[in-house]
Amino acid sequence: MTRLNQAQRRIHQAALRLFAEKGVMQLNISDLAEEAGVARGTIYNNVETMEQLFEQVASQLSGEMHQRIALSFAGVEDPAERLSKGVRLFIRRAHDEPHWGAFLNRFALSNASMREMLYSQVTVDLLQGLQTGRYQIRQETLASVISLIAGATLGAIFMVREGIKTWRDAGAEAVELLLRALGVPAEEALRLARLDLPPLPAVD
């Protein structure tokens, strides 16, 4: 993950908020400079095009969240428990950082870096669950199952952002239904969906 200087961090944080609100094509230099609290010249020195900035922001966001999720899984071997924690960490962060959640809802399925963030760890854990017999699904359905998990996560984030569900309820219900779809018994799926959720580890 590329290390950013202070000005670049401010620009990326401002861009995240504005991309989530406006999209890529509607953002201009003046808006970005005002939101970041920097001079227009600082933007010109650090941003070639808005399209390139968007890709940088998406890649940075994806890499950072991927690292934090991986750290949160330290010592957790059960793929079902990892799924429970991973999905709910995404949903809780979307509640804690609304612009982050809005960015995910808007771009997660249309950008390669963002899809990688959603799919990569899930794919590893699904394969492990298949190999160990933890999950009762056919391997040829793997792509559909990954899409199901991503869709359920983003749908729960949307409900939280709209005030339809709390992040705890949305996360627990999504995880319970996903685990049952994967073949985990109902009582165990409910237990796993309600496990205490640790803080999301920080990364440098």
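Quick notes
- Test: residue in the range 125-147 that is among the hydrophobic types (A, V, I, L, M, F, W, C) and within 17 Å of Ala94 (Cβ to Cβ): no
- The condition (being modelled with pLDDT of 95 or more, of a type in the set (Gly, Ala, Ser) and not in a helix (DSSP H, G or I)) is satisfied by just one residue among Gly171, Gly155, Gly163: Gly163.
- Any hit, the range 7-16, residues being within 16 Å of the chain's Cα centre (by Cα), surrounded by 19 or more Cβ atoms within 10 Å (Cβ to Cβ), in a helix (DSSP H, G or I) and not hydroxyl-bearing (Ser, Thr, Tyr): yes
- A search for C-beta distances below 8 Å between a residue of the range 54-68 that is closer than 17 Å to Val87 by Cβ and hydrophobic (A, V, I, L, M, F, W, C) and any residue that is at pLDDT 90 or above and surrounded by fewer than 20 Cβ atoms within 10 Å (Cβ to Cβ), counting only pairs 6+ apart in sequence or on different chains, returns Met65/Arg93.
- Restricting attention to the range 3-46, the residues that are over 22 Å from Ser110 (Cα atoms) and touching a helix residue (DSSP H, G or I) at 6+ places or on another chain (Cβ under 9 Å) total 24.
- Of all residues in the range 174-204 being at pLDDT below 95 and surrounded by 14 or more Cβ atoms within 10 Å (Cβ to Cβ), the one that is nearest to the chain's Cα centre (by Cα): Leu200
- Screening the range 45-78 for residues that are surrounded by fewer than 17 Cβ atoms within 10 Å (Cβ to Cβ) and polar (S, T, N, Q) and picking the one that is nearest to the chain's Cα centre (by Cα) gives Gln67.
The values are calculated or read from the model by the stated rules, or taken from the named source; none is laboratory data. Predicted model, so just to flag it, every value in this text is computed and none were measured. Because the Cβ atoms are built from the backbone with ideal geometry, glycine has one as well, and the counts that use them run over all protein chains shown.
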